[in-house]
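Enquirer: Pasting a structure below so you can have a look.
Every number in this text was worked out from the coordinates using simple rules, so none of it is lab data. Please read these numbers as outputs of a predicted model, since none were measured by experiment. Here the Cβ positions follow ideal geometry from the backbone for every residue, glycine too, while neighbour counts run over all protein chains shown.
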Amino acid sequence: MTTPTRPMIQNPILPGFNPDPSIVAVDDDFYIATSTFEWYPGVQIHHSKDLKNWRLVSRPLNREALLDLRGEPDSCGVWAPCLSYHDGLFYLIYTDVKRFNGDFKDAHNYLTTCETIDGEWSDPIYMNSSGFDPSLFHDDDGKKWFINMVWDHRREKNRFGGILLQQYCPETKKLVGEIKNIFAGSKLACTEAPHLFKRNGYYYLLTAEGGTFYTHAMTMARSKNIDGPYELDPYGYLLTAKDNQDLPLQRTGHGDLFETSKGETYLVHLCGRPLLGERRCPLGRETGLQKTYWTDDNWLRVENAVTDGLPELQVPAPNLPEHPWPAEQHSHNFDAAELPTEFQWLRTPNPERLFSLTARSGYLRLIGRESLGSLYEHALVARRQEAFKYSAQTAMEFYPTNFQQTAGLICYYNSNKFHYCYVSIDDEGNRFIDVMSCLGSQDLTLTFGLRDGHIDAFITDKRFLLPKDGLVYLRADVDHHLLNFSFSVDEVHWTKLPINLDYSIISDEAGGGDGAHFTGGFVGMACQDVSGQQCPADFDYFNYSEQ
């Protein structure tokens with residue numbers, strides 16, 4: 001009799017920008033929280049009942065009391081949330097990073113709670129500011145413990161100064177007692193992302209090391225006492241691709257451990273899928289899954305790898321019934337009173353100043369605000385890229401009255417890296433199409449020319465003029481490294497703009513700009529009016545399709 005083949009789960013389980021996963025299992029329901037950085041609302045929470053099929057169910061940091069990101073640099077904001085569940089209550093720990101560059105890190109850690117995953121979360125409880133990547137551990141004796149990495153700004157010291165432990169009192173809602181540094185990390189250094197677990201009399205400390213790029217790794221240590229000393233796993237790193245640069249899943253590390261109701265153990269972890277050649281990841285840092293097992297001497301191992309510790313593209317599914325969700329809707333006509341779930345905006349808790357779904361029935365109205373380089377308030381509504389090859393299309397009605405007013409379709413990484421197909425008006429009063437690119441600095445390139453692989457300056461005699469009124473249809477076609485924009489005035493006859501754009505700049509590895517780069521590619525709609533007149537753009541629909 002043939003044994004049935006066990007179903008497999010394809011990695012990544014959360015494609016596109018979904019980094020730093022924290023997972024909690026509540027009976028046969030699984031919830032993953034991921035970082036959102038400068039995107040609003042903060043923290044994405046996905047739900048699954050089988051570890052294969054996931055749906056977005058909540059972005060809990062959705063009001064000013066919980067989160068205000070105005071003025072925060074790119075890749076600051078919400079870092080590495082930790083989601084847990086105890087005695088009928090969900091706990092969410094998160095960091096709001098206000099400053100990344102330089103020797104100091106201004107990183108403030110908070111706790112919010114909710115009885116349901118998609119309900120209204122409580123006003124935040126301030127925890128500390130000593131470092132980032134905090135988490136909360138609920139011990140079986142009723143005590144709660146808060147841990148985070150400590151940032152050491154002193155030049156002669158290791159900036160990743162170890163893992164701090166302190167007790168949390170739920171009655172007084174404060175950290176109490178002695179602060180102890182319980183773990184200095186391994187020789188790989190950059191020790192962060194701590195999570196505590198307890199099993200068979202041991203406390204296990206799971207951390208990430210090696211930085212978040214191609215030397216990233218996951219490390220495990222254990223102790224009989226919660227405050228240590230912790231011994232490193234003698235086998236080595238629990239999960240890493242750092243010594244196997246040809247694997248399709250790279251940058252594997254930062255993650256969390258959990259167990260199903262059937263007693264099977266898995267890891268969720270950060271990962272990236274680089275393009276060939278430049279080894280850039282426009283999809284950003286994604287979430288993967290690996291099956292694990294415990295050895296006889298009580299150490300954790302990754303199962304089914306050719307060599308233990310390597311990330312697999314396919315992993316065995318748990319012994320649970322498959323539970324697909326209704327298919328996601330990728331075409332939107334903006335008929336509802338709320339923004340479709342997959343869309344986000346940047347930084348501000350006051351989105352009514354950026355867009356409206358009621359100002360004009362059936363349209364998303366973007367209100368022209370600050371420039372694309374602003375860290376405060378600009379009208380950009382976008383969704384994640386979730387595949388290497390996709391198309392996005394929109395129809396826009398926009399009547400600028402001066403050259404400082406622009407609106408259109410944008411492929412966006414951050415304020416230093418984007419490609420923007422926009423409509424504006426020239427000095428003669430003609431509406432026109434142009435492409436604005438930012439290739440790693442605040443300097444803009446306006447172009448329709450391509451010479452010797454380099455983008456030329458704006459060529460006025462190749463400007464594409466538009467009728468004085470009517471809808472303008474815009475489309476972005478992305479194929480791995482390549483981006484092409486097209487436009488139409490009747491949605492039938494399309495004109496492809498004569499430039500092949502390097503899409504790989506929509507990635508953290510492309511460099512450029514200041515500070516960290518931790519997010520991923522978005523595609524969406526934008527409207528700017530740096531004259532201050534708030535010229536609006538009305539978008540009739542937005543379609544996203546993967547190929």
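Enquirer: Hey, got the dipole for segment 27-246? About the Cα centre, +1 on K and R Cβ, -1 on D and E Cβ, debye to the nearest 20?
Expert: For segment 27-246, the charge dipole is close to 500 debye.
Enquirer: Determine, from the Cβ-Cβ distance of His86 and Asp443 and an R0 of 45 Å, the FRET efficiency 1/(1 + (r/R0)^6), rounded to the nearest 0.05.
Expert: Step by step, r from the Cβ atoms, then E = 0.35.
Enquirer: Based on the mean of other Cβ atoms within 10 Å per residue, sort peptides 48-56, 89-97, 245-253 so the most packed one is first.
Expert: Output ranking for 48-56, 89-97, 245-253: 89-97, 245-253, 48-56.
Enquirer: Still on this structure: Kirkwood hydrodynamic radius of segment 11-52 from all distinct Cα pairs, in Å?
Expert: Working: mean 1/r = 0.0914 Å⁻¹.
Value: 10.9 Å, from the Cα pair sum.
Enquirer: Under 15 Å from a point placed 7 Å out from the Cα of Ile179 along the Cα-to-Cβ direction: which residues of segment 129-161 have their backbone N that close?
Expert: Hits in segment 129-161 for Ile179 at 15 Å: 129-135, 146-154, 160-161.
Enquirer: Based on the alpha carbons, how large is the Rg to Rh ratio for segment 466-547 when Rh follows Kirkwood?
Expert: Rounded to two decimals, Rg over Rh is 1.01.
Enquirer: Rank-order 330-336, 488-494 by packing density, defined as the average count of other C-beta atoms within 10 Å over each peptide's residues, highest first.
Expert: Descending mean neighbour count gives 330-336, 488-494.
Enquirer: When the Cα centres of segment 459-508 and segment 251-297 are compared, how far apart do they sit, in Å?
Expert: A separation of 36 Å, based on Cα centres.
Enquirer: Under the √(5λ) rule applied to the eigenvalues of the Cα gyration tensor, what semi-axes describe the equivalent ellipsoid of segment 331-546? Give them in Å, descending. It would help to have the intermediate numbers written out before the result.
Expert: On the way: eigenvalues 104, 88, 63 Å².
The equivalent ellipsoid of segment 331-546 has semi-axes of 23, 21, 18 Å.
Enquirer: While we're on this one: Can you give me the Kirkwood hydrodynamic radius for segment 245-324, using every pair of distinct Cα atoms, in Å to one decimal?
Expert: 13.9 Å
Enquirer: Also, I was wondering about something else. Going highest first, how would you order 214-222, 178-186, 319-327 by mean Cβ packing within 10 Å? Intermediate results must be reported in sequence, preceding the final value.
Expert: Working: 214-222: 23.0, 178-186: 16.8, 319-327: 10.6.
Answer by packing, highest mean first, reads 214-222, 178-186, 319-327.
Enquirer: Let me check I've understood the local charge: for Asp469, count other residues with C-beta under 10 angstrom from its C-beta, Lys and Arg +1, Asp and Glu -1. What total comes out?
Expert: Taking every Cβ under 10 Å from that of Asp469, the sum is +1.
Enquirer: Enter the Cα centre distance for the pair segment 63-102 and segment 148-214, rounded to the nearest angstrom.
Expert: Spelled out, the Cα-based centre of one part sits 17 Å from the other.
Enquirer: Could you check the spin-label model distance between Glu120 and Asp297? Points 7 Å from the Cα along Cα→Cβ, value in nm.
Expert: So the label points at Glu120 and Asp297 sit 5.5 nm apart.
Enquirer: I've got another one for you. Tell me, in nm to one decimal, what length is gained between Asp140 and Phe432 on full extension, where the rule is 0.36 nm per residue of separation less the Cα-Cα distance?
Expert: Using 0.36 nm per residue and subtracting the Cα-Cα distance, I get 98.6 nm.
Enquirer: Given points 7 Å out from each Cα along the Cα-Cβ axis, report the Glu259 to Ser371 separation in nanometres with one decimal.
Expert: 5.6 nm
Enquirer: Same structure again: Residue by residue through segment 97-114, what is 3J(HN,Hα) from phi via Karplus (6.51 cos²θ - 1.76 cosθ + 1.60, θ = phi - 60°)? Round to whole Hz and write x for glycine and proline.
Expert: Going residue by residue, I get 8, 8, 8, 10, 5, x, 6, 9, 10, 9, 10, 9, 9, 9, 10, 9, 9, 7 Hz, with x marking Gly and Pro.
Enquirer: Between Glu171 and Leu466, what length comes free when the chain is fully extended (0.36 nm per residue of separation minus the Cα-Cα distance, one decimal in nm)?
Expert: On the way: separation 295, 0.36 × 295 = 106.20 nm, distance 6.43 nm.
Stretched fully, the Glu171-Leu466 segment lengthens by 99.8 nm.
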